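The values are calculated or read from the model by the stated rules, or taken from the named source; none is laboratory data. Please read these numbers as outputs of a predicted model, since none were measured by experiment. Note that each Cβ is placed from the backbone with ideal geometry, even for glycine, and that neighbours are counted across all protein chains shown.
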Amino acid sequence: MMNAKAVGKRLQALRRSAGLTQENVAEALGISDNYVSNIETGRDICSMVVLLGMANLYHASMDYILGESLAYNLDKEADGERRAALLHEISRLDEVSCGHLLKYIRLMRDTEQ
(Lines give C-alpha, C1' and ligand atoms only; values in the text may rest on other atoms or scores of the structure.)
Protein backbone atom coordinates (compact mmCIF):
# COMPACT_ATOMS: atom_id res chain seq x y z
CA MET A 1 0.00 0.00 0.00
CA MET A 2 1.25 3.45 -0.92
CA ASN A 3 2.17 5.80 1.93
CA ALA A 4 0.69 9.14 0.80
CA LYS A 5 2.77 11.22 3.22
CA ALA A 6 6.05 9.61 2.17
CA VAL A 7 5.19 10.02 -1.51
CA GLY A 8 4.17 13.62 -0.87
CA LYS A 9 7.45 14.41 0.87
CA ARG A 10 9.38 12.85 -1.99
CA LEU A 11 7.39 14.88 -4.54
CA GLN A 12 7.97 18.06 -2.55
CA ALA A 13 11.72 17.41 -2.40
CA LEU A 14 11.82 16.74 -6.15
CA ARG A 15 9.86 19.91 -6.88
CA ARG A 16 12.19 22.00 -4.76
CA SER A 17 15.23 20.35 -6.29
CA ALA A 18 13.88 21.27 -9.72
CA GLY A 19 13.55 24.88 -8.56
CA LEU A 20 9.79 24.91 -9.11
CA THR A 21 6.99 26.38 -7.03
CA GLN A 22 3.68 24.66 -6.40
CA GLU A 23 2.17 27.24 -8.73
CA ASN A 24 4.63 26.29 -11.50
CA VAL A 25 3.72 22.62 -11.14
CA ALA A 26 0.01 23.34 -11.02
CA GLU A 27 0.19 25.41 -14.20
CA ALA A 28 2.29 22.82 -16.03
CA LEU A 29 -0.11 20.00 -15.13
CA GLY A 30 -3.38 21.91 -15.38
CA ILE A 31 -4.30 21.44 -11.72
CA SER A 32 -4.69 23.83 -8.78
CA ASP A 33 -1.78 24.80 -6.56
CA ASN A 34 -3.96 23.81 -3.59
CA TYR A 35 -4.15 20.28 -5.03
CA VAL A 36 -0.34 20.20 -5.39
CA SER A 37 -0.07 21.27 -1.74
CA ASN A 38 -2.52 18.56 -0.65
CA ILE A 39 -0.57 15.92 -2.57
CA GLU A 40 2.73 17.03 -1.03
CA THR A 41 1.31 16.93 2.50
CA GLY A 42 -0.35 13.55 1.98
CA ARG A 43 -3.89 14.89 2.33
CA ASP A 44 -4.72 13.82 -1.24
CA ILE A 45 -3.58 10.90 -3.36
CA CYS A 46 -3.17 12.06 -6.92
CA SER A 47 -4.33 10.30 -10.04
CA MET A 48 -1.98 8.24 -12.18
CA VAL A 49 -2.05 10.99 -14.82
CA VAL A 50 -0.93 13.65 -12.32
CA LEU A 51 1.70 11.35 -10.83
CA LEU A 52 3.13 10.60 -14.28
CA GLY A 53 3.06 14.30 -15.08
CA MET A 54 5.05 15.08 -11.95
CA ALA A 55 7.51 12.28 -12.68
CA ASN A 56 8.03 13.70 -16.15
CA LEU A 57 8.32 17.26 -14.88
CA TYR A 58 10.88 16.29 -12.23
CA HIS A 59 12.68 13.76 -14.45
CA ALA A 60 12.15 11.15 -11.76
CA SER A 61 11.24 7.50 -11.99
CA MET A 62 7.89 6.29 -10.73
CA ASP A 63 9.78 3.69 -8.66
CA TYR A 64 11.61 6.46 -6.83
CA ILE A 65 8.48 8.53 -6.26
CA LEU A 66 6.60 5.52 -4.91
CA GLY A 67 9.50 4.59 -2.64
CA GLU A 68 10.54 1.45 -4.48
CA SER A 69 13.96 2.68 -5.60
CA LEU A 70 16.68 4.98 -4.31
CA ALA A 71 17.68 6.17 -7.81
CA TYR A 72 15.58 8.94 -9.27
CA ASN A 73 17.43 10.62 -12.14
CA LEU A 74 16.39 9.59 -15.60
CA ASP A 75 18.18 10.22 -18.85
CA LYS A 76 16.13 13.17 -20.07
CA GLU A 77 16.75 12.62 -23.76
CA ALA A 78 16.21 8.85 -23.77
CA ASP A 79 13.04 8.87 -21.72
CA GLY A 80 11.55 12.28 -22.43
CA GLU A 81 9.76 11.45 -25.66
CA ARG A 82 8.48 8.08 -24.45
CA ARG A 83 7.22 9.59 -21.20
CA ALA A 84 5.51 12.44 -23.05
CA ALA A 85 3.81 10.01 -25.44
CA LEU A 86 2.77 7.73 -22.58
CA LEU A 87 1.44 10.63 -20.53
CA HIS A 88 -0.50 11.90 -23.53
CA GLU A 89 -2.11 8.52 -24.12
CA ILE A 90 -2.93 8.02 -20.44
CA SER A 91 -4.48 11.47 -20.21
CA ARG A 92 -6.99 10.40 -22.86
CA LEU A 93 -8.22 7.43 -20.79
CA ASP A 94 -11.28 7.47 -18.56
CA GLU A 95 -10.97 6.65 -14.83
CA VAL A 96 -11.99 3.00 -15.28
CA SER A 97 -9.36 2.49 -17.97
CA CYS A 98 -6.75 4.22 -15.79
CA GLY A 99 -7.57 1.74 -13.03
CA HIS A 100 -7.12 -1.18 -15.42
CA LEU A 101 -3.85 0.26 -16.66
CA LEU A 102 -2.56 0.67 -13.12
CA LYS A 103 -3.39 -2.97 -12.33
CA TYR A 104 -1.62 -4.05 -15.53
CA ILE A 105 1.48 -2.00 -14.71
CA ARG A 106 1.63 -3.50 -11.23
CA LEU A 107 1.23 -6.99 -12.68
CA MET A 108 4.07 -6.33 -15.13
CA ARG A 109 6.29 -5.02 -12.34
CA ASP A 110 5.52 -8.00 -10.11
CA THR A 111 6.34 -10.51 -12.85
CA GLU A 112 9.68 -8.79 -13.55
CA GLN A 113 10.84 -9.20 -9.95
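For the reader, a short list of remarks on this structure follows.
- A search for C-beta distances below 7 Å between a residue of the stretch 78-91 that is closer than 16 Å to His59 by Cβ and modelled with pLDDT of 75 or more and any residue that is assigned to a helix (DSSP H, G or I) and polar (S, T, N, Q), counting only pairs 6+ apart in sequence or on different chains, returns Leu87/Asn56.
- Checking each residue in the stretch 27-55 for being surrounded by 20 or more Cβ atoms within 10 Å (Cβ to Cβ) and not aliphatic (A, V, I, L, M) picks out Glu40, Cys46, Gly53.
- Close pairs (6 angstrom Cβ cut-off, 6 or more residues apart or separate chains): in contact (Cβ under 8 Å) with a residue 12 or more places away in the chain in the stretch 93-113, among the hydrophobic types (A, V, I, L, M, F, W, C) and surrounded by 10 or more Cβ atoms within 10 Å (Cβ to Cβ) anywhere: Cys98/Met48; Leu102/Met48
- Considering only residues in the stretch 8-21 that are of a type in the set (A, V, I, L, M) and not in a loop (DSSP other than H, G, I, E, B), the one that is surrounded by the fewest Cβ atoms within 10 Å (Cβ to Cβ) turns out to be Ala13.
- The residue list Tyr72, Tyr35, Tyr58 contains one member that is under 21 Å from Gln12 (Cα atoms) and modelled with pLDDT under 85, which is Tyr72.
- Under the condition of being among the acidic types (Asp, Glu) and part of a helix (DSSP H, G or I), the residues counted in the stretch 51-70 number 1.
- On inspection, Asn24 does not qualify as polar (S, T, N, Q), loosely packed, with under 13 Cβ neighbours inside 10 Å and in a helix (DSSP H, G or I).
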